[in-house]
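K.L.:
Have a look at the structure that comes next, please.
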Amino acid sequence: MPDDRSDLVVVSNRLPVDRTVDADGEPTWTQSPGGLVTALEPVMRSAGGAWVGWGGQPDLGLEPFEHDGIRIIPIDLSETDIERYYEGFSNDTLWPLYHDVIAPPSYHRVWWERYVAVNRRFADAAIAAAAPDATVWVQDYQLQLVPRMLREARPDLTIGFFNHIPFPAYGIYSQLPWRTQIIEGLLGADVIGFQRVADAGNFTRAVRRLLPYSTKGSIVSVPDGDGTRQVLAKAFPISIDTGAFEELAQRPDVQERAAQIRRDLGSPRKIMLGVDRLDYTKGIRHRLKAFGELLADGRADVGDVTLVQVASPSRERVETYRHLRDEVELTVGRINGDYGTISHQPISYLHHGFPREEMAALYLASDVMLVTALRDGMNLVAKEYVAARSGDLDGVLVLSEFAGAADELRTAVLINPHDITGLKDSIVGALEMPREERRRRMRAMRKRVRENDVEHWSATFLEALRRTRNGEDPLAPSEVVVRKNSSSDKAAR
Ligand code: GDG
C-alpha cells in the first residue's frame, strides 16, 4: 500500500474549501476566500501537503479527497459537537475571554469536555496524516490542545501553532477554569505565533504564573524527558495577499463599479465605509454612536456624508450575536429615521456578504475607512483598504489602536473607540484631511503591506519552525525568500 502521508499538514477548524451543491444535487468543492489558503497553497502543493478541518456542516461523513493538489482530510462534527465545541467553548467562552471580556464569557464543563474530545479528533487525524518527521501547523483558538496531543503521540513531528486572535493579559486569562490545560496544550508546539508583541508577552507571563517553567524573552524552556525543549513564543503579524488585492482594485470593471457606487449613493461629497463581520469586538456600535452625534451636532450633514456599513452575518446561533444584531439595527433605524431625507439616508446598512470585486469597489469608492474595533487580533480589512488604495494613494484609514494592524499601520489616524468625543474629532479630521497629507500617510502604509504580505508571513513562520527543527537559533536575523506567484494568477482566483 502506498504511503500517502504528508510532510506538511495544516490543521484548522474549517477546511480551506467550501462545499456547495450544484443544480443536479452533486456536491462540489471550491476554494474558500481568504489569505491563509492563498498563502499556503504554493507550499502545500510543492510539499504534497494535507489539510485537516471541518467541512462547515454537521455529519457530512466525508472521506479524504484531493483538491487542487492538496489532500483534504475532513473532520466530522455532530450537532452536539457544533453546539458545545464550536458555538459554545470556542465562540462563547474563548472568543469573549480572549477579546478582553467585551461580552461576558460563559463557562460550562460540558462545553470544555467536548472541546477536549473534538481537539483529540483533529489531533488523531493529523497524526495519521503526517509522514515521519513531518511539520504540522495548527491554526487558532479552537485547537489549542492539539499541539500537546501531537507531541505526546509523535515526538518526531515539528509543530507550529498560530493564534489569530489576541492573547489576553493574565488578570483576564486567569478567569478560565482550564487555564493551565490550555497553556500546556499550546506548549506542545515548537513555535507559537501571535499577532502582536503584546500577545506573545501576555502568553509568556501566563506561563510563568501557572507553571514552574523558566522563560527568557520569547523562549520558554519546557521539561522534556531528562532535558528541556525550547519553545519560541513570538509575534508573526499576519497579512493579506497584497499583490492580488492591488490588481483587483486596478481592474477597469472594479473602478467603474466604484464610480457607480458613488452615483448610486447620490454622489455625496464624502463616503465613509465600515466592513466587519457582525461581531461585538468590531466596535460597530461605537462607530454608529459617533456618526449619529456628528449628525445631531450639525458637524456632518446627511446630503454631504454617507456611511456604508457592511455587516456580514456571523455566528447567528449564539445569543450574544443575535442581541448585537438587534442593537445595531435599532441604532441604524433610529439614525436613518432621525436624519434621513427622501433622497438621502445617512447610513446604507448591508447585512450580507459580497464578492471580493464588490469589496474592492467599496474600498475604492470610500473617502474614509472606519476600523473601530474594541479588540482585534489583526484586522485584515484595514490592510485590504490600504492595498486597494495603493493605485491612487487616496482615502483615509481611521484605525483603532486596539487592532493588531495599528502596530504596523502607524500613519493611519489612530483612535481609541471608547473615547467618543475623540473619535468624532478624528472622523471630522479624516473627512477634511488635505490631499497631500492623505497621500503621505497612505504611501507609508502601502510600503508596509507590500513588505509584509501573507506569503512573507507564512514563509517567516515556516522558517522559524525549520530552524527549531535543525537546532538553529530561531531568533537570528534572516532574509526569508518568499516564493511569489505571478500576481495576475492570484487576481484570477
Ligand atoms: C480573525 C481575527 C484577524 C468580510 N465581509 C466580507 C468579506 N470579508 C472579509 C474581509 C477580510 C475578512 O473577511 C475579515 O478579516 P478580519 O481580519 O477583519 O476579521 P476576522 O474575521 O475577525 O478574523 C482577526 C484574522 O482572523 C486573520 O488572522 O485579522 O483579528 O479576528 O478579509 O475582506 N469578504 C467578502 N465579502 C464580505 O461580505 N468577499
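The values are calculated or read from the model by the stated rules, or taken from the named source; none is laboratory data. Computed from a predicted structure; not experimentally measured. Quick reminder, even Gly has a Cβ in these numbers, built from the backbone with ideal geometry, and neighbours come from all protein chains shown. Accessible surface areas use protein heavy atoms only, side chains included; no ligands, DNA or RNA. Shrake-Rupley method; radii C 1.70, N 1.55, O 1.52, S 1.80 Å.
K.L.:
Quick test of your reading of the structure: Gly353 fulfils all but one of (1) farther than 30 Å from Glu256 by Cβ; (2) open to solvent by 40 Å² or more (accessible area, probe 1.4 Å); (3) touching a Ser or Thr at 6+ places or on another chain (Cβ under 8 Å). Name the failing condition by number.
P.N.:
That leaves (1) as the condition not met.
K.L.:
Say whether the condition of being within 16 Å of the ligand (Cβ to nearest atom), assigned to a strand (DSSP E or B) and farther than 24 Å from Phe461 by Cβ is met by at least one residue in region 257-274. Before you say what the answer is, go through the steps one by one.
P.N.:
We begin by selecting, within region 257-274, every residue within 16 Å of the ligand (Cβ to nearest atom); these are 257-258, 261, 273-274.
After this cut, where a residue has to be assigned to a strand (DSSP E or B) as well, the list is 273-274.
When the remaining residues are screened for being farther than 24 Å from Phe461 by Cβ, the result is 273-274.
Taking every residue of region 257-274 in turn, at least one turns out to be within 16 Å of the ligand (Cβ to nearest atom), assigned to a strand (DSSP E or B) and farther than 24 Å from Phe461 by Cβ.
K.L.:
Which residue pairs have Cβ atoms under 9 Å apart, sit 6 or more places apart or on different chains, and have a first residue in region 378-393 that is of a type in the set (Phe, Trp, Tyr) and a second that is within 11 Å of the ligand (Cβ to nearest atom)?
P.N.:
Partner pairs satisfying both residue conditions: Tyr385/Val275; Tyr385/Tyr363; Tyr385/Val371.
K.L.:
To continue, here is another question. For region 356-388, which residues satisfy the criterion of being out of contact with any Gly (no Cβ under 8 Å at 6 or more places or on another chain), open to solvent by 30 Å² or more (accessible area, probe 1.4 Å) and of a type outside the set (A, V, I, L, M)?
P.N.:
Listed by number, the residues that qualify are Arg356, Glu357, Glu358, Arg375, Glu384.
K.L.:
Return the total of residues in region 65-79 being in contact with a Pro (Cβ under 7 Å, 6 or more places away or on another chain) and either in a loop (DSSP other than H, G, I, E, B) or exposed (fewer than 15 other Cβ atoms within 10 Å of the Cβ) (or both).
P.N.:
3
K.L.:
Any idea which residue in region 140-186 is farthest from the ligand (Cβ to nearest atom), counting only those that are of a type in the set (Ser, Thr, Tyr) and outside any strand (DSSP E or B)? Explain how you work it out, then say what you get.
P.N.:
Here is the first cut: in region 140-186, the residues of a type in the set (Ser, Thr, Tyr) are 141, 158, 170, 173-174, 180.
Applying the additional criterion that residues be outside any strand (DSSP E or B) yields 141, 170, 173-174, 180.
Values: Tyr141: 10, Tyr170: 21, Tyr173: 17, Ser174: 22, Thr180: 25 Å.
Step by step, filter region 140-186, then rank; the result is Thr180.
K.L.:
Could you please let me know if Tyr86 is open to solvent by less than 40 Å² (accessible area, probe 1.4 Å), touching a Phe, Trp or Tyr at 6+ places or on another chain (Cβ under 9 Å) and not in a loop (DSSP other than H, G, I, E, B)?
P.N.:
Values: open to solvent by less than 40 Å² (accessible area, probe 1.4 Å): no; touching a Phe, Trp or Tyr at 6+ places or on another chain (Cβ under 9 Å): yes; not in a loop (DSSP other than H, G, I, E, B): yes.
Here the answer is no, as Tyr86 does not meet what is asked.
K.L.:
I've got another one for you. Here are the criteria: (1) away from the ligand (no atom under 15 Å from the Cβ); (2) under 14 Å from Asp276 (Cβ atoms). Tell me which single one Ala403 does not satisfy.
P.N.:
(1)
K.L.:
Further question on the same structure: Go through region 191-228 residue by residue and tally those that are farther than 19 Å from Tyr173 by Cβ and of a type in the set (Lys, Arg).
P.N.:
Step one: list which residues in region 191-228 are farther than 19 Å from Tyr173 by Cβ, which gives 191, 214, 216-217, 219, 221, 223-228.
When the remaining residues are screened for being of a type in the set (Lys, Arg), the result is 216.
Total meeting the criteria: 1.
K.L.:
Any idea which residue in region 272-296 is nearest to the chain's Cα centre (by Cα), counting only those that are without any contact (Cβ under 8 Å) to a residue 60 or more places away in the chain, farther than 16 Å from Val398 by Cα and open to solvent by 40 Å² or more (accessible area, probe 1.4 Å)?
P.N.:
Narrowing region 272-296 to residues without any contact (Cβ under 8 Å) to a residue 60 or more places away in the chain: 277, 279, 285, 288, 292, 295-296.
From the residues that got through so far, the ones that are farther than 16 Å from Val398 by Cα too are 277, 279, 292, 295-296.
Of the ones still in play, those that are also open to solvent by 40 Å² or more (accessible area, probe 1.4 Å) are 277, 296.
Values: Arg277: 11, Ala296: 34 Å.
So the residue we want is Arg277.
K.L.:
Within region 7-41, restricting attention to residues that are exposed (fewer than 11 other Cβ atoms within 10 Å of the Cβ) and closer than 20 Å to Ile82 by Cβ, which residue is farthest from the chain's Cα centre (by Cα)?
P.N.:
Out of the qualifying residues, it is Val21.
K.L.:
Let me ask you something else. Give just the number: which of (1) away from the ligand (no atom under 16 Å from the Cβ); (2) assigned to a helix (DSSP H, G or I); (3) more than 30 Å from Glu83 (Cα to Cα) does Glu327 not satisfy?
P.N.:
Going through (1) away from the ligand (no atom under 16 Å from the Cβ); (2) assigned to a helix (DSSP H, G or I); (3) more than 30 Å from Glu83 (Cα to Cα) one by one, Glu327 breaks only (3).
K.L.:
Go through (1) touching a helix residue (DSSP H, G or I) at 6+ places or on another chain (Cβ under 9 Å); (2) farther than 26 Å from Pro237 by Cβ; (3) of a type outside the set (Asp, Glu) one by one and return the number of the condition Thr93 breaks.
P.N.:
(2)
K.L.:
Among the residues of region 356-400, write down those that are assigned to a strand (DSSP E or B) and within 9 Å of the ligand (Cβ to nearest atom). Reasoning before the result, please.
P.N.:
We begin by selecting, within region 356-400, every residue assigned to a strand (DSSP E or B); these are 368-371, 376, 396-400.
Correct list: Val371, Asp376.
Residue by residue, here is whether (1) under 30 Å from Val37 (Cβ atoms); (2) of a type in the set (Gly, Ala, Ser) holds:
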| position | (1), (2) |
| --- | --- |
| Lys234 | yes, no |
| Ile238 | yes, no |
| Ala244 | yes, yes |
| Leu248 | yes, no |
| His286 | no, no |
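K.L.:
Taking Val138 and the conditions (1) touching a residue at least 12 places away in the same chain (Cβ under 8 Å); (2) surrounded by fewer than 23 Cβ atoms within 10 Å (Cβ to Cβ), which numbered condition does it fall short on, given that it satisfies the others?
P.N.:
(2)
K.L.:
Has region 331-347 got at least one residue that is within 22 Å of the chain's Cα centre (by Cα) and either within 15 Å of the ligand (Cβ to nearest atom) or assigned to a loop (DSSP other than H, G, I, E, B) (or both)? Spell out the reasoning first.
P.N.:
Going through region 331-347, the residues within 22 Å of the chain's Cα centre (by Cα) turn out to be none.
No - not one qualifying residue is present in region 331-347.
K.L.:
Test each condition in (1) farther than 20 Å from Ile192 by Cβ; (2) touching a strand residue (DSSP E or B) at 6+ places or on another chain (Cβ under 9 Å) for Ala117 and report the one that comes out false.
P.N.:
Condition not satisfied by Ala117: (2).
K.L.:
For region 166-199, which residues satisfy the criterion of being open to solvent by 10 Å² or more (accessible area, probe 1.4 Å) and either small (Gly, Ala, Ser) or not assigned by TED's automatic domain parsing to the domain that holds Trp111 (or both)?
P.N.:
Ala169, Gly171, Ser174, Ala198
K.L.:
Determine which member of the set Val231, Val302, Val308 is part of a strand (DSSP E or B) and either more than 16 Å from the ligand (Cβ to nearest atom) or within 26 Å of Ala198 (Cβ to Cβ) (or both). Don't jump to the end; show me each part of the working.
P.N.:
On the way: Val302 fails: part of a strand (DSSP E or B); Val308 fails: either more than 16 Å from the ligand (Cβ to nearest atom) or within 26 Å of Ala198 (Cβ to Cβ) (or both).
So the residue among Val231, Val302, Val308 that is part of a strand (DSSP E or B) and either more than 16 Å from the ligand (Cβ to nearest atom) or within 26 Å of Ala198 (Cβ to Cβ) (or both) is Val231.
K.L.:
If you go through region 280-334, how many residues are polar (S, T, N, Q) and within 21 Å of Trp95 (Cα to Cα)? Spell out how you get there, then give the answer.
P.N.:
Of the residues in region 280-334, the ones polar (S, T, N, Q) are 281, 306, 309, 312, 314, 320, 331.
Imposing the further condition that a residue be within 21 Å of Trp95 (Cα to Cα) reduces the set to 281, 312, 314, 320.
The qualifying residues number 4.
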